[in-house]
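The values are calculated or read from the model by the stated rules, or taken from the named source; none is laboratory data. Here the structure is a predicted model, which is why all the values come from computation and not from measurement. Cβ sites come from the backbone with ideal geometry, for glycine too, and all protein chains shown count toward neighbours.
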Amino acid sequence: MASFPDILKSTEIHPVLRSFADEVRAIAVRLMAYTGGLAALAFLAADLLGTAPVIASVEPQARPGWFEVAKPHPAFAVSQVDFGGKPSTYGIRRHPEGGRKDSLIWGMGGESPVAEVEIFRLGGETPDNAPAAPDLAIRMGLLGGGEAEAAGIIDTKFGPVSLIRFPAQESKSKPCLGFAKVFEGTRIHITGFACHADTIAAQRASVGCMLNRLTLLAAGNDSKMAELFARAELKRGSCNPAPVPGDWVSTLQEPQLRGRL
């Protein structure tokens, strides 16, 4: 019968198997070391990319421009003014930078308008000194913008208002008389035109009536607009404003005569 030491000797692991086990154990240790190193590199890369500024190559999208308000609630009105029976249309346009344009237009519907008054509350999209003549020519529908020239000054409830005359074109059978009033310190412009009258005197009267009968219906939170119209109502005059004294352009075109000829 075999002794216990002999049994132990018979159950000892073969040297080849022992060497293979040691090699497997060493490979496993190396794999764990490699995995730990890769994990550490991944964490480091994530930390660096998360804190480093990312430079975008895509240009910023441009904000949209002027857009029409679908259902405008009138904030202004012009009462008792007749432009040859032409109906009036009210429109509001807004700008993402804060600008707003309220327009009363007579004679729309498939034809060029015969008269318009626009109250422009400037936002961040337009400078205070934006030229009025090119914009008026576009709104009148004049071809090529039209050649504008100064046409004097009239006195209204808003104070002196400069006039701009546009010659007749194929798109307009009669010459148009535009106007522009800039209120200092308020970023409010009132502009417009009249094209329905035959003479410049009649056009001046139409422009004067539009301005003297332009009223504010709702100011909302615009305190400057409310103050502007409140002060203007105190100066409301007749519907046929006279030229400003000393306005030589208007005096030459419409001399003020007294007495009988």
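Tell me yes or no: at least one residue of the range 55-78 is surrounded by 10 or more Cβ atoms within 10 Å (Cβ to Cβ) and at pLDDT below 75.
Within the range 55-78, none of the residues are surrounded by 10 or more Cβ atoms within 10 Å (Cβ to Cβ) and at pLDDT below 75.
In the range 66-99, which residues are without any contact (Cβ under 8 Å) to a residue 40 or more places away in the chain and either on the phi > 0 side of the Ramachandran plot or among the acidic types (Asp, Glu) (or both)? Give the steps one after another, and end with the answer.
First pass over the range 66-99, keeping only residues without any contact (Cβ under 8 Å) to a residue 40 or more places away in the chain: 66-72, 82, 85, 87-99.
Passing the criteria: Glu68, Asp82, Gly85, Glu97, Gly98.
Working carefully through the options Asp82, Asp135, find the one that is at pLDDT 75 or above and buried (at least 17 other Cβ atoms within 10 Å of the Cβ).
Numbers: Asp82 fails: buried (at least 17 other Cβ atoms within 10 Å of the Cβ).
Matching residue, one of Asp82, Asp135: Asp135.
Under the condition of being β-branched (Val, Ile, Thr) and assigned to a strand (DSSP E or B), which residue from the range 78-125 is farthest from Phe183 (Cα to Cα)? Write out each step before concluding.
Applying the first criterion (β-branched (Val, Ile, Thr)) to the range 78-125 yields 78, 81, 89, 92, 105, 114, 117, 119.
Subset that is assigned to a strand (DSSP E or B): 78, 89, 92, 105, 117, 119.
Numbers: Val78: 20, Thr89: 25, Ile92: 20, Ile105: 22, Val117: 15, Ile119: 11 Å.
The selected residue is Thr89.
Does Thr215 satisfy the condition of being among the hydroxyl-bearing types (Ser, Thr, Tyr) and surrounded by fewer than 20 Cβ atoms within 10 Å (Cβ to Cβ)? Quick ask: steps written out before the conclusion?
Working: among the hydroxyl-bearing types (Ser, Thr, Tyr): yes; surrounded by fewer than 20 Cβ atoms within 10 Å (Cβ to Cβ): yes.
Criteria met by Thr215.
Only helices (runs of 4 or more DSSP H) wholly contained in the range 185-261 count here; list those with 2 or more residues that are modelled with pLDDT of 90 or more.
On the way: elements: 200-212, 223-233, 248-253.
Ranges flagged: 200-212, 223-233.
Looking at the range 106-125, is at least one residue on the phi > 0 side of the Ramachandran plot and at pLDDT 75 or above?
Taking the range 106-125 as the starting set, the residues that turn out to be on the phi > 0 side of the Ramachandran plot are 107, 109-110.
Filter again for at pLDDT 75 or above, leaving 107.
The answer is yes; a qualifying residue exists.
Would you mind stating whether Leu177 is modelled with pLDDT under 90, in a strand (DSSP E or B), surrounded by 15 or more Cβ atoms within 10 Å (Cβ to Cβ) and more than 23 Å from the chain's Cα centre (by Cα)?
On the way: modelled with pLDDT under 90: yes; in a strand (DSSP E or B): yes; surrounded by 15 or more Cβ atoms within 10 Å (Cβ to Cβ): yes; more than 23 Å from the chain's Cα centre (by Cα): yes.
Yes; evaluated as a whole, the condition is true for this residue.
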